[in-house]
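Derivation of every value follows stated rules applied to the coordinates shown; laboratory data play no part. Model, not experiment: these values are computed from the prediction. Glycine gets a Cβ as well: all are built from the backbone with ideal geometry, and neighbour counts include every protein chain shown.
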Amino acid sequence: MNIRHAPILILLLIAADVHAAQSDKALIADDAALTNAVLAACRQPGNALREGHCSFLFGLAAIESKNVDAARLHLEEAGRRFEAAGDPVAAWKALWVLVEYERRFGRRPDLKLASLEKALAVVERAKRRDAPFPLDGLAELRDILNGSPLAPRSVYSRSLQFFEAVSRDGYASALIAAGELEKAETQLMIASQLAGPFGGMLDRSIARNVGHLRRRQWRLNDARESYQRALAAPKIRVPFTVDDRREGDVEALYGLSEIEMLGGRTDEALGWNDRSLALARAAGEQAAEVSLLGYRATILERGSRVAAAEQVYADALPVAKANGDVKGQVTLLLGRAFMYQDRGRYEAAIADREKALELVATIDDPLLESAVLVQLMGAYFDLGADDAASSGFEKARALAGKSGTGLGKALLDVVVTGHTGTPAELNQALDRLLQRPEVREIENMQEVAALLRTVSGPNPIGDLKAVDRSGLVLKGAESELLGILSPLGQGRFPAAREAAMRALALNPNAELRALMLAVVAVTYAEEEQWERCVEYGTKASEAFDAALDGVLEDDLLSGFLGNRRFYFDMLIEALVLTNHADQAFEVSERARARAFLQLVGNRRIRPKSDPDSPIAQEAEALRSQIARWQQEARTAPSRNLEEDLRGARLRYTGLRTRLKASDPEYSSITAVETASIEAIRAELPHATTLVSYFVSHDMVHAWVLDRTMLEYVLLPVDEAWIDRAACAMRQFGQSARGVSVPNASCDEVTLDEMYERLFAPLRKHVRNQRLIIVPHLRLHYLPFGAFRDPATQRHLIEDYTITYAPSASTLRFLREKETPVNGRALVLGAPAGVSPRLPGALREAMMVGAELRSVPMVGAAAKESLLYQLKGEVDLVHIAAHGFYEADAPLFSRLALAGGDGSDGNLEVHEILSDLDLTGVNLVVLSACQTAIGKSSAGDEIVGLTRALLYAGTPGVISTLWNISDDATATLMSHFYCRLLSGDSAADALRHAQLQMLHGDYPDPRDWAAFTLNGNPEGRWNTSGAIAAAGN
């Protein structure tokens, strides 16, 4: 018999009037026999109250022995017995003990909800009773009830009111955790109304739960106020509940810290964390201290204070070690490993994970062992070399052998097979893993997500890895996840579908609901029931859209959408297979450039962060440092300086995002719906065809649309080929207006092959000479105008006038930016202080200025500051200068201009997005290198100069896909402005210039095909206005 059970069992013996001596003889065999004997002695048929006490005490014994199922069985039985005996107070107490146990130690949120609902039902039934109930159980309410001369019936009523308030508050807490926010809102409102007469006793708990609710609703300011009310409320112990006053304060402080971190207020987040740490240390709770230190490191890392975060990890690890807290050490090591990996320090990340694996092998925790193994493999895969990965596999296998549990080895086999084996082999490895008894006990979604993250490849299991990036807490549906995964791996799709439907019945949050609906759609797809797949795929996408509510800031929206492409990929394929190509097109619009659409579809947001706030001061100081370093890099570049700049730019990017996230201006943004096919047709210029592409894993969907028809074509092109094509185009740039640029080698993909794969199958559907092309993902990097028909040897530009757009839905908003042309221009060229000099850019600027009847600003006069003084009076901006694309930190891609008047000369993407106003500028011409390039996300958001300028107010931008020749560019611009001034649209003028180059001295597409027009194709120049402006 477990000695820990003895005190409870002795209490039961006394309560049942069983002589103590009997336990030495008949009841000593084992726990089960003892429990059954005591229960039999305790029972007294016909005496519901006595049997209720017996069940209650046995429930306490089960809690002590950590037998969750037995505790639940006995306590629920106690509640029924007490209620039958006419004692609802005792019934509620029994159920509330179960609620508290489920809250603190349970792993089944759905059962916690059920217990709360039963407790609340007891109160509701008691309110309808005519007979009074015993007052014995109300002793703990003496302080509440005293002071008011209440009649017995009033005592009953007031007591039930208290029980109901406590129950609804607890029920709301569980509903919040389950994602049922509307229900939680109702319960908290009722609880708050009921709690009034009880002297503020429930104020702390209710305010804390309101804070949790507001946080889940992304009403961060309201959440902050609620958490602060919770901290300020009287610290009164609530009768019948676990005394969690300190724990409740830590919970509220954690919530405040998280809100400040999300809002980019790192110092404030750290301040709340300090208070949490002080409480934990005062209570001598070292495990809590270690956990809070780990969270402190997370705050610092999210605040781009990596060195400080590293120091916190270094300080926390000895604390965990001294306390013998192995899991705490492992958690800290894994957190630091993720930090290292995110910053490219793969070897350090691997070292920490290996230490964590060695530690976890010393304790009996197979689940944690498997998670560490998965993360270790992730670090090796990130090295990108097969040899290194193979070496990592062998080392991980050796470490897994030391653990002795075997789970790590099984999980490792899934990782290796998922990356190197066939789908069948992967399914077999998953079956072996899921047959292990340790895996059957997995209920924590973080570990399940870690498992799913390791699985890749073109199959449903791999596609489920999106769960890992979602940041979800799955709550009630988590126990169903493995019930979905295993049947999917085995091809038992009806079973997987049933498991997903069970998870849906648990009312998960919107994101998990979308995932479960997508699983159902996948099962129908595997069975080729495409209509049902469409039905559930549509529901999944609608649920996903619901999850977007409240995600307003563009950086957050971009990441949120990009990591969840799976919903759209699957639905588009199913719609196409069911002959719904028009609906598939509209879904493709919802999957691309949504953050950009939301930006251009709303009023311009001017960030108004408090300049005195610590984060704003930190960002401004960092921005000034970057400017100084960039100036130094112009004259004395070095490798160390470039590394310093890279780190500072990445840090500033993070600070900028947090500043935006905390800016109340963004709360005014409204969601912009993507356009319907009919709306897009109405926006198409006359005699224009739109060609829209959407890249899936192993195919490209293409739609050809004009004002009267829509045709769909499936292109058998996979992402690997597109990557090779994009790489080949990067090699086109041999000089950066005079600067030699090295190029990484890649497989050759010819312009003829690009034509045959991406355009030839569509050509018969194109009935107009004007094209608007909507690329997707890395197709943005391809020069469609240079594609060449191998049969005729003609490039597309010889047959079509081509313009590009971020999405079809943006056409209306870009066209609306067009303003009347008055003939004013700003020409900047060959800025001083930039090395090397660009003689071709100087000649170009002088020529363009003369053509536009505008004095060109060259040399020291080509100042960045001039762009901030346009005041809506300039129609065209031309810049001939060096352009730099920063792949690691695209917000710092820039045009190198002259400094002065408070500007450093570097016109950077983040400055354009926040400060530059191009209202009234109908066309921007960037005669500089790689100005059309940007960093693409999975959601097709391109962070670069072109889209930044479109957002800043201009409807059209001419920019370049690769590094351009100084001399050839000057020639092309001469041809372009000749036709623009003669009345051609910008699109026609650019086509004419490229044809002149092609058929003249520059037939090589390297010299002319880099130039693309993004946005509105109709931009024109007013020559008479220019003459008048010059005269003025």
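Quick look at the values:
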| read-out | value |
| --- | --- |
| For peptides 81-89, 636-644, 45-53, 895-903, sequence by mean Cβ density within 10 Å, most packed first | 81-89, 895-903, 45-53, 636-644 |
| Computed lengthening from Gln193 to Lys127, 0.36 nm per intervening residue step minus Cα-Cα distance | 22.1 nm |
| Rh (Kirkwood; distinct C-alpha pairs) - the range 818-1031, Å | 16.8 |
| Cut-off 9 Å between beta-carbons: net charge of the residues surrounding Arg229, Lys and Arg +1, Asp and Glu -1 | 0 |
| Net charge of Cβ neighbours under 11 Å - reference Ala720; Lys, Arg +1; Asp, Glu -1 | -3 |
| Contact order normalised by residue count of the range 247-317, Cα under 8 Å, 6+ apart, percent | 26 |
| Mean Cβ count within 10 Å, highest first, over the residues of peptides 784-792, 532-540 | 532-540, 784-792 |
| Cα-projected label distance for Ala70 with Ala682, points at 7 Å along beta-carbon direction, nm | 7.1 |
| Net length gained if the chain between Glu719 and Thr578 were fully extended (0.36 nm per residue, minus Cα distance) | 48.4 nm |
| Residues Ser835 and Asn640, FRET efficiency given R0 of 22 Å [Cβ-Cβ distance, rounded to 0.05] | 0.75 |
| Rg and Dmax of the range 687-810, Cα atoms only, in Å | 14.9, 48 |
| Net charge of neighbours whose Cβ lies under 12 Å from the Cβ of Ala627, counting Lys and Arg as +1 and Asp and Glu as -1 | -1 |
| Sorted largest first, extent of the range 199-317 alpha carbons per principal axis (Å) | 47, 34, 18 |
| Listed peptides 983-994, 178-189 by packing density, highest first (mean Cβ within 10 Å) | 983-994, 178-189 |
| Value of relative contact order over the range 818-1031, rounded to a whole percent, pairs C-alpha under 8 Å and six or more apart | 22 |
| Enclosed volume per residue, in Å³, of the convex hull spanned by Cα atoms of the range 747-808 | 91 |
| Amide proton proximity set for Leu923, modelled H, under 5 Å, gap of 5+ | Val877 |
| Inter-label distance for Glu117 and Glu748, nm, one decimal - labels placed 7 Å from Cα along Cα-to-Cβ | 6.8 |
| Unsatisfied cross-links (Cα-Cα over 27 Å) in the set Lys539/Lys817; Lys66/Lys355; Lys66/Lys112; Lys66/Lys93; Lys66/Lys235; Lys127/Lys235 | Lys539/Lys817; Lys66/Lys355; Lys66/Lys235; Lys127/Lys235 |
| Gained length - Thr792 relative to Glu247, 0.36 nm times residue gap less alpha-carbon distance | 188.5 nm |
| Amide H contacts under 5 Å for Leu918, placed H, 5+ residues apart | Gly953, Thr954 |
